[in-house]
Structures are given as structure tokens and as C-alpha cells.
1. Taking the criterion of being within 18 Å of Q287 (Cβ to Cβ), exposed (fewer than 13 other Cβ atoms within 10 Å of the Cβ) and of a type in the set (K, R), would at least one residue in region 92-106 satisfy it?
2. Could you please find all residues in region 227-263 being small (G, A, S) and surrounded by 13 or more Cβ atoms within 10 Å (Cβ to Cβ)?
3. Have a look at G184, G149 and point out the one that is at pLDDT 95 or above, within 18 Å of L120 (Cα to Cα) and buried (at least 20 other Cβ atoms within 10 Å of the Cβ).
4. Cβ-Cβ under 8 Å, sequence separation 6+ or interchain: first residue in region 115-134 and free of Cβ contacts under 8 Å to residues at least 24 places away in the same chain, partner of a type in the set (S, T, Y) and assigned to a loop (DSSP other than H, G, I, E, B). Which pairs?
5. Can you find, within region 269-315, the residue that is surrounded by the fewest Cβ atoms within 10 Å (Cβ to Cβ) among those that are over 27 Å from K84 (Cβ atoms) and touching a Pro at 6+ places or on another chain (Cβ under 7 Å)?
6. Out of region 50-90, which residues are polar (S, T, N, Q) and either in contact (Cβ under 8 Å) with a residue 24 or more places away in the chain or surrounded by 15 or more Cβ atoms within 10 Å (Cβ to Cβ) (or both)?
7. Within region 170-198, can you find the residues that are over 18 Å from S58 (Cα atoms) and more than 15 Å from the chain's Cα centre (by Cα)?
8. Between S221, S146, S205, S169, which is in contact with a Leu (Cβ under 8 Å, 6 or more places away or on another chain), hydroxyl-bearing (S, T, Y) and over 17 Å from V72 (Cα atoms)?
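The values are calculated or read from the model by the stated rules, or taken from the named source; none is laboratory data. Fair warning: this is a prediction, and the values are worked out from it, not measured in the lab. Glycine also receives a Cβ, built like all others from the backbone with ideal geometry; neighbour counts cover every protein chain displayed.
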Amino acid sequence: MQLLSRYWSLCICCLILVACSAPPVTAAPKRTYAAVKLLSQFTIPRTNFKDLTISELSGLAWDQDEQLLYAVSDQGRIFHFKLKLDHEQITAVEPVFAATLVDNKGKPIKLRDSEGLFALNANNRKKGDTQLIVSFEHGPRIYRMSPQGRQVGVVPLHQDLQNPKAYRSQNSMLESVAYHPKYGFLTAPERSLKGEPDNLQTIYSTKQKWSFLAYPAENSSVTGLEILPDKSLLVLERAWAGILHPMVISLRRVDLEACGKAKVCEVQDLGVYSSLIQVDNFEGLTQIRDNLYLMVSDDGERELLRTQLSLFKVE
């Protein structure tokens with residue numbers, strides 16, 4: 001990602017990890033969950049598989065029926081991994097498939113920059129009917145795709161999201177996507193649209209939208225969405241403001257049902273992590289089962305960064 005390009009000289013010189021947790025901003029009503037518990041981490045090596053480099057992973061989706069972990073990369077690629085968990089510890093991640101994303105005519109998708117990922121029909125005890133939902137930062141657009149990476153349809157966008165000129169930049173478009181059983185497809189621009197307050201995040205369905213205050217760190221952006229067991233929304237935000245500023249990763253809960261007609265929904269901070277040196281740029285998020293989740297960091301194809309999987313529980 002472009003926002004990390006100025007950071008490498010600092011990473012080389014710095015030797016001490018500085019980490020801290022920030023206090024919650026507001027508490028959501030009906031607090032079903034209180035915190036995030038980190039269970040395990042695993043680094044996926046940057047290697048070639050089927051002539052495609054495993055790097056810049058930005059979106060994750062777990063397929064319970066097929067027992068596969070899907071990932072999309074910034075370069076418009078789809079990867080399948082065999083994920084092995086032992087007592088809630090990641091013990092192995094093995095690539096088993098890789099392909100370039102193609103359109104409905106079989107041609108590589110232009111302006112690839114695939115960022116968000118969600119798997120439909122992935123836990124219905126039927127094999128062979130999984131469909132992947134992929135959001136693209138450039139476009140903006142959301143496609144329905146086969147697990148092998150071929151476009152099979154288009155997801156309509158909320159009218160506010162259809163004009164590319166409405167976004168703050170090409171790199172602040174649709175980084176995330178999820179499917180809610182009541183509201184349907186959900187997505188969010190990384191940051192608020194032009195003309196809206198800079199400290200406001202907004203989630204969009206095809207017809208509705210819900211706003212909440214961004215995490216109070218400079219440039220905090222929505223990079224991942226998932227659904228919690230109580231059908232509230234798990235939001236992943238990433239903030240980075242340049243040299244001498246820490247990378248801040250926040251996992252937050254927004255209860256869309258509790259928003260009502262409020263212009264700004266309440267939000268609950270479940271886990272906030274910051275570091276001046278260890279730059280794990282978390283962008284992808286998926287539910288494994290119940291309250292068990294996995295997120296992945298985008299290595300930016302930089303030598304000093306890594307593709308880091310983090311397994312955690314929302315408790």
C-alpha cells in the first residue's frame with residue numbers, strides 16, 4: 001500500500017518495539033462481547049505457487065463446507081489454503097490453488113486491486129455451491145465470483161458509492177465486504193466520502209447506510225467487515241499517519257439493529273493495538289466458527305513486512 005512506502009528507513013533503524021492499548025471510545029448498547037483474545041499467529045512465507053507470488057493478501061474468507069481458506073491479493077489473484085488448527089493454534093497453512101481473477105469472458109480483470117472477500121453458501125453442509133464476493137478498490141465495484149476466480153455476477157452498490165469522484169481518492173474506495181442475513185451485502189469505503197466529516201465511518205447496504213465515529217487515530221480507515229454471532233458487525237480499522245506515528249489496529253463492534261434512526265451509531269472497541277515499529281497492516285477478516293476469527297496483514301510486497309495470520313476470539 002502507498003501509505004507504507006515512507007516507513008522503511010524507520011523500520012531499519014528502530015530496535016525497540018513499543019506497544020500499547022488505547023481506551024474505549026464509546027460503549028455499544030446490549031454489550032454481548034467485551035474483548036478480543038489473541039490465540040495464535042502464523043506467518044505465510046512469500047513464495048511462488050503456480051507461478052503466482054503469495055503476497056499483498058487483503059481479503060480472507062473461510063469455507064467450512066470445503067475446509068478451505070480463501071484469500072485475494074491486491075494484484076487480482078485468488079489463493080486457496082488448507083488451514084490446520086490444533087486446540088485453537090494455527091499449526092499449518094498450505095497453498096493448494098492459485099489463479100488470476102478473470103471476468104465473465106475469461107479475461108484478466110483490469111484495475112485489479114481486489115481488497116474485500118466474503119464467502120456465500122460456505123456453511124450449509126453442501127459442497128460445490130460456494131460463491132465468493134469480492135470488492136475492488138478501483139472502480140468501485142463488487143463482483144460475485146466462483147472460487148476459481150471467474151466473475152459470475154455483479155453486486156449493486158448504494159447510490160452514494162457509484163460515482164468514483166465521490167471518494168477521497170482511488171485508494172480509499174471499497175476495501176471490505178460482508179453479507180448480513182437481514183441487510184444483505186454490506187461494504188464501506190476506507191474513509192468517509194467527500195463532503196462528509198473526516199472522523200465518520202459509514203457502512204452501506206444496497207439501500208441503507210449507518211454511520212459511526214472512526215477510531216480516534218489519524219487516518220483511521222475501514223479495512224475489514226465480518227458478522228458476529230449476535231448479528232452485530234465486527235469492523236476492522238487501520239490507522240497510520242507516517243513516520244514517528246504508530247500503526248493502530250482496532251477491532252470494533254457496531255450493532256446495526258440498535259442504531260434505529262440515529263444519525264451516528266454507538267460503537268464498542270473490543271481490541272486496540274498500536275506499535276511504532278512492528279507494522280502489521282491488517283486488512284482481511286473472516287469468521288472461522290462461532291466467535292473464532294482470523295485476520296491477515298498485507299505485506300505490501302516489502303522485505304520488512306510479512307503476511308501475518310492472527311487467530312482470535314471475540315469474548
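1. Taking every residue of region 92-106 in turn, none turns out to be within 18 Å of Q287 (Cβ to Cβ), exposed (fewer than 13 other Cβ atoms within 10 Å of the Cβ) and of a type in the set (K, R).
2. Within region 227-263, S232, A239, A241, S250, A258 meet the criteria.
3. Just one listed residue meets the conditions, G149.
4. Cβ pairs passing all conditions: Q131/S146.
5. Here the answer is S275.
6. Let us first name the residues in region 50-90 that are polar (S, T, N, Q), namely 53, 55, 58, 64, 67, 73, 75, 89.
Matches in region 50-90: T53, S55, S58, Q64, S73, Q75, Q89.
7. Start the filter on region 170-198 by keeping residues that are over 18 Å from S58 (Cα atoms), which leaves 180-185, 192-198.
Answer for region 170-198, where residues must be over 18 Å from S58 (Cα atoms) and more than 15 Å from the chain's Cα centre (by Cα): H180, P181, K182, Y183, G184, S192, L193, K194, G195, E196, P197, D198.
8. S205
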